[in-house]
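Engineer: Here it is, the structure, as structure tokens.
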Amino acid sequence: MVAFPILAFLKIVFNMKIKYLLFAVFAFATVSLSAQIKKKKPVVATAAAVAPETPVSTELPRPKLVIGLVVDQMRWDYLYRYYDRYSNNGFKRLLNDGFSCENTQVDYIPTFTGPGHTCIYTGSVPAIHGIAGNDFIVQATGKSMYCAEDTSVQTVGAAGKAGQMSPRNLLTTTVTDELKLATNFRSKVIGIALKDRGGILPAGHTADAAYWFDDKSGNWITSTYYMNDLPQWAKDFNDQKLPETYLKLDWNPIYPIDTYVQSTADNTKYESKFKGTDAPTLPVKTSGLYKNNLGLIRSTPYGSTLTLDFAIAAINAEGLGQHPVTDFLAVSLSSPDYIGHQFGINAVETEDTYLHLDRDIASFLTYLDAKVGKGNYTIFLTADHGAAHNTAFLNDHNIPAGVWDDGAALKDLNKYLLDKYKTDELVLSLANYQVNFNYKTVNYLHLDMDALKKDCADFFKAQPAVAFVVDSKKAQTADVPQALRTRIVNGYNIYGRVFIIRQVLQSGIG
């Protein structure tokens, strides 16, 4: 959303049944009022003359299917920035027929895909649910841990280690777990995303399945945490080789390039080109680029199309929305994040991505209307994080911005500490804006942690790119703005000890 690591959600909830329920409530109120006002003489009737009572349903109105649709890196303003170019049945339908909650956010830093999705589906924060980054340092070993990593499970659906994933690092339940518990595990829950973390974490611990994309094989895969073999419908879907089919179509803009007036020119220094191309421009001849690189689809609008295709196949095959209890499908659209990182938020490619996505969402809603039925499903649209403007773009428009080189900062910090403590690499990483200490060395040398943290703080306070340095354990009393204190406390986890707040902050790191 802005150049600040705040997880700001746009959330749209769409359910046609709500309107009908409200109408029914008002109608009932009107009838009841009329009955009270209009007085009649009492009527005495025999039992034979009394009409049998109409059976009253005792069932609570519930959606047959809930679909969570997370658009990775979608800024809320994209709804309005490109509004005039959207169709009537995609984003506009969600906005006009649903409820738009545009001041909804979870206050924590830093924001990434892993914790973002987890916050959405747990309603909690990293300090509690444990997913405080896509990766983090395990202090006991000094090694980096990926948020969905699980070496105790194996890949299902392809060869290699891409499937060694599960939700075991997640410390709390999700709304999908709670649905399972509430229905005595009769509900079906499935998570789907190109990114493993985007499918696994929302689906929770008790999901029937979570699926993600394997670049090497071009297959949708899962892990033995969920099953030992892919269901036949998933195998049949993979056999269609849709990634190749889509990439052969090339990435062509929906409209003439000169009509993309909400975007910068289609070839700027703020963008990165595809390998094998001469410039970052549309169209992109993906048909000549994808050989031995099916993962290319992630960085095209076709990644979202493929994801929704797979979601439809799952609904059909698993009978989602056809059971006596509510089912849940958690879908994350990862491609906008890859595209946003490569081209920036002002690029023609980004605008075109959302125009393509609008059409995909329209098709998906039309499918749901026919398959599950209008009024029988609830769908919400939100984002795991936003993204900031390219810093060079901001500088060129006289807006102060810059990029912090954390690699150089880590090297300089360790050199600074070496001069005092006579030992190297006391800090393992500055990942997630946190100073991650080498506790093996710290404990072996019996170093004073308070003194060590103070030295780190003194080092960073002298850096022009750093605004605040906070001891995470003392964040509640830190002399920083209240909004920052709250976010630091919520984002804090046991893996970091000193929090670094940069002068120029960028959010939306996949």
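The values are calculated or read from the model by the stated rules, or taken from the named source; none is laboratory data. Note that the structure is a prediction, hence the values are computed from the model and not measured. Cβ coordinates were reconstructed from backbone atoms using ideal geometry, including for glycine residues, and neighbour counts include every protein chain displayed. Note: areas computed on protein heavy atoms with side chains; ligands, DNA, RNA excluded. Shrake-Rupley method; radii C 1.70, N 1.55, O 1.52, S 1.80 Å.
Engineer: Does residue 396 satisfy being open to solvent by 20 Å² or more (accessible area, probe 1.4 Å) and acidic (Asp, Glu)?
Structural biologist: Taking the combined requirement at face value, the residue satisfies it.
Engineer: Return the pair list, or none, for Cβ contacts closer than 7 Å from residues in segment 458-486 that are under 12 Å from residue 433 (Cβ atoms) to residues that are part of a helix (DSSP H, G or I) and open to solvent by less than 50 Å² (accessible area, probe 1.4 Å), at least 6 apart or on different chains.
Structural biologist: Pairs found: 466/460; 468/484; 469/457; 469/460; 470/488; 472/488.
Engineer: Okay, next question. Here is a check on your reading of the model: is residue 195 basic (Lys, Arg), within 20 Å of residue 312 (Cα to Cα), modelled with pLDDT of 95 or more and in contact with a helix residue (DSSP H, G or I) (Cβ under 9 Å, 6 or more places away or on another chain)?
Structural biologist: yes
Engineer: Do you know which residues across segment 280-299 are open to solvent by 30 Å² or more (accessible area, probe 1.4 Å) and among the small types (Gly, Ala, Ser)?
Structural biologist: Result: 287, 288.
Engineer: Need a quick list: helices (runs of 4 or more DSSP H) entirely within segment 331-449 having at least 3 residues that are hydrophobic (A, V, I, L, M, F, W, C) and over 23 Å from the mean Cα position of the chain (by Cα).
Structural biologist: Output list reads 391-396, 406-421.
Engineer: Give 320, 308, 357 a once-over and let me know the one that is within 30 Å of residue 266 (Cβ to Cβ), among the aliphatic types (A, V, I, L, M) and in contact (Cβ under 8 Å) with a residue 60 or more places away in the chain.
Structural biologist: Answer to the check: 357.
Engineer: Suppose we keep only residues that are touching a residue at least 12 places away in the same chain (Cβ under 8 Å), open to solvent by less than 50 Å² (accessible area, probe 1.4 Å) and not polar (S, T, N, Q) within segment 440-457. Which one would you say is nearest to residue 140 (Cα to Cα)?
Structural biologist: 442
Engineer: Restricting attention to segment 323-340, does a residue exist that is modelled with pLDDT of 95 or more, surrounded by fewer than 19 Cβ atoms within 10 Å (Cβ to Cβ) and among the small types (Gly, Ala, Ser)?
Structural biologist: no
Engineer: Out of segment 192-213, which residues are closer than 17 Å to residue 146 by Cβ, outside any helix (DSSP H, G or I) and either of a type in the set (Gly, Ala, Ser) or open to solvent by 10 Å² or more (accessible area, probe 1.4 Å) (or both)?
Structural biologist: Hits for segment 192-213 are 193, 210.
Engineer: Considering segment 292-311 alone, what residues qualify as being outside any helix (DSSP H, G or I) and under 16 Å from the mean Cα position of the chain (by Cα)?
Structural biologist: None; the set is empty.
Engineer: Can I ask one more? Those residues that are in contact with a strand residue (DSSP E or B) (Cβ under 8 Å, 6 or more places away or on another chain) and open to solvent by 20 Å² or more (accessible area, probe 1.4 Å), I need them from segment 404-428; list them, please.
Structural biologist: 404, 410, 428
Engineer: Looking for whichever is closer than 30 Å to residue 369 by Cα, open to solvent by 20 Å² or more (accessible area, probe 1.4 Å) and not basic (Lys, Arg) here; the options are 317, 265, 311. Which one fits?
Structural biologist: On inspection, the qualifying residue turns out to be 317.
Yes or no, residue by residue, for (1) closer than 25 Å to residue 173 by Cβ; (2) open to solvent by 10 Å² or more (accessible area, probe 1.4 Å); (3) touching a residue at least 12 places away in the same chain (Cβ under 8 Å):
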position	(1), (2), (3)
81	no, yes, yes
84	no, yes, no
119	yes, no, yes
139	no, yes, yes
147	yes, no, yes
151	yes, yes, yes
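Engineer: In addition: Tally up the residues in segment 249-264 that are within 27 Å of the chain's Cα centre (by Cα) and not in a loop (DSSP other than H, G, I, E, B), please.
Structural biologist: Count: 1.
Engineer: Also, quick follow-up: Since residue 236 meets every condition but one in (1) in a helix (DSSP H, G or I); (2) under 19 Å from the mean Cα position of the chain (by Cα), which condition does it not meet?
Structural biologist: Just one mismatch for residue 236, condition (2).
Engineer: For segment 78-159, please list each of the helices (runs of 4 or more DSSP H) lying entirely inside it that holds at least 2 residues being within 20 Å of residue 336 (Cβ to Cβ), at pLDDT 95 or above and not aliphatic (A, V, I, L, M).
Structural biologist: Answer list for segment 78-159: 78-81, 91-97, 113-122.
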